[in-house]
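Visitor: The structure that follows is given in the form of structure tokens.
The values are calculated or read from the model by the stated rules, or taken from the named source; none is laboratory data. As the structure is a prediction and not an experimental result, all values here were calculated from the model. Every residue, glycine among them, receives a Cβ derived from its backbone with ideal geometry; neighbour counts consider all protein chains shown.
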Amino acid sequence: MTDPVNNGVVRLIDMIFPGDTNHHGTLFGGVALAHMDKVAFLAASRHGRAPFVTAASERIDFAAPALRGELVEAAGRVVRVGTSALDVEVELTAEALLSGERRLCTRGRFTLVATKGPDTRLPLPPLAPEPVEQESGPLLMADMVFPPQTNHYGTLFGGDALRMLGKAAFIAATRHARAVMVMAASDRIDFQSPVREGEMVELAAEIAMTGRSSVRVRVALWAEDLLTGDRRRAASAEFVMVAVGPDGRSQPIGQPPNR
């Protein structure tokens, strides 16, 4: 898989598990804000190639809830650039796994400031042209490597990398089949390069083959140094995902769940 094209939008996609919800079964506002702030930081860092801190955010209204078991997608893009500060607009969207129904939960604007230091070059680069959304292509989802995910060498644990690869495969397969998908097998997994603490990871997942009840998903994990922009493919894998009914048995893709 070739390096995916950066269109100026950074996307963070995650599942909403019970630990992220309140007693109503909806996503905690604090968890939603954490997703939004993280994607704002990644978008700012990718644009400015400097250390950034969040300085402020505008009023954020929660228009619709995100429910337990749904996907939540935070998409951020830089909309204003000054000498040392910039604004990132972030939209948080919930998506029902089986129907594909999407709804905008909240939108906000975050102001981030580049901290002064040897790695900071001012003024910041000018605002890029309006990004063009791709109608097709691999699923792209970003994240960041924090200290708890690293070993004593300061690089990403192999198990955490596998978790990221598997999650990307699950989301891509579910969006493709709109069915309850489970992992049936993982083919050869190659680790080409270590991922260091503080780097951004971007996963690209695409459907390689669709069978009667299964989907083969090819996933690549790219590591990116947020200060230099250096990118390298760190890992790749293929997964077989199978559609199942309530009884746990495989069923044809496109068929309503067995009752």
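Visitor: Cβ-Cβ distance below 7 Å, separation of 6 or more or different chains: which pairs start in segment 176-203 with a residue that is assigned to a strand (DSSP E or B) and end on one that is at pLDDT 95 or above and among the polar types (S, T, N, Q)?
Guide: M181/T174; A184/S214; D190/S236; R196/T155
Visitor: Among the residues of segment 127-144, is any touching a residue at least 12 places away in the same chain (Cβ under 8 Å), under 29 Å from R216 (Cα atoms) and among the β-branched types (V, I, T)?
Guide: Yes, that holds for at least one residue.
Visitor: Could you list, in sequence order, all residues of segment 78-103 that are in a loop (DSSP other than H, G, I, E, B) and among the small types (G, A, S)?
Guide: G82, S84, A96, S99, G100
Visitor: Further question: Of the numbered conditions (1) of a type in the set (V, I, T); (2) without any contact (Cβ under 8 Å) to a residue 12 or more places away in the chain; (3) in the same structural domain as A75 (by TED's automatic domain parsing), I60 satisfies every one except a single condition; which is it?
Guide: Unmet for I60, out of (1) of a type in the set (V, I, T); (2) without any contact (Cβ under 8 Å) to a residue 12 or more places away in the chain; (3) in the same structural domain as A75 (by TED's automatic domain parsing): (2).
Visitor: What's the number of the condition V39 fails, among (1) more than 19 Å from L139 (Cα to Cα); (2) assigned to a helix (DSSP H, G or I); (3) not small (G, A, S)?
Guide: (1)
Visitor: Look at R80 and say whether it is basic (K, R), surrounded by fewer than 18 Cβ atoms within 10 Å (Cβ to Cβ) and either in contact with a helix residue (DSSP H, G or I) (Cβ under 9 Å, 6 or more places away or on another chain) or at pLDDT 95 or above (or both).
Guide: yes
Visitor: Out of the residues in segment 215-237 that are within 26 Å of T120 (Cα to Cα) and of a type in the set (G, A, S), which is surrounded by the fewest Cβ atoms within 10 Å (Cβ to Cβ)?
Guide: G229
Visitor: Look through R196, R212 and report the one residue that is surrounded by 15 or more Cβ atoms within 10 Å (Cβ to Cβ) and modelled with pLDDT of 95 or more.
Guide: R196
Visitor: Another one. Test of understanding: among L139, L104, L112, which residue is of a type in the set (A, V, I, L, M, F, W, C), closer than 22 Å to G254 by Cβ and either in the same structural domain as S57 (by TED's automatic domain parsing) or out of contact with any Gly (no Cβ under 7 Å at 6 or more places or on another chain) (or both)?
Guide: Answer to the check: L139.
Visitor: Tell me the residue from A75, A50 that is surrounded by 14 or more Cβ atoms within 10 Å (Cβ to Cβ), touching a residue at least 60 places away in the same chain (Cβ under 8 Å) and in a loop (DSSP other than H, G, I, E, B), please.
Guide: Exactly one of A75, A50 is surrounded by 14 or more Cβ atoms within 10 Å (Cβ to Cβ), touching a residue at least 60 places away in the same chain (Cβ under 8 Å) and in a loop (DSSP other than H, G, I, E, B), namely A50.
Visitor: Let me ask something else. What is the one condition in (1) surrounded by fewer than 17 Cβ atoms within 10 Å (Cβ to Cβ); (2) in contact (Cβ under 8 Å) with a residue 24 or more places away in the chain; (3) not small (G, A, S) that V240 does not satisfy?
Guide: Of (1) surrounded by fewer than 17 Cβ atoms within 10 Å (Cβ to Cβ); (2) in contact (Cβ under 8 Å) with a residue 24 or more places away in the chain; (3) not small (G, A, S), only one is false for V240: (1).
Visitor: Then there's this: Starting from segment 220-236, keep only residues that are under 20 Å from S186 (Cβ atoms), then list their pairs with residues that are surrounded by 18 or more Cβ atoms within 10 Å (Cβ to Cβ) and of a type in the set (K, R) whose Cβ atoms are within a distance under 8 Å, requiring at least 6 positions of separation or different chains.
Guide: S236/R218
Visitor: If you don't mind, there's one more thing I want to ask. Tally up the residues in segment 135-174 that are more than 15 Å from the chain's Cα centre (by Cα) and acidic (D, E), please.
Guide: Count: 1.
Visitor: Give the residues of segment 53-72 that are of a type in the set (A, V, I, L, M), in a loop (DSSP other than H, G, I, E, B) and within 26 Å of A114 (Cα to Cα), sorted by residue number.
Guide: Passing the criteria: only I60.
Visitor: Determine, yes or no, whether V90 is crowded, with 18+ Cβ neighbours inside 10 Å and closer than 26 Å to I171 by Cα.
Guide: In short, yes.
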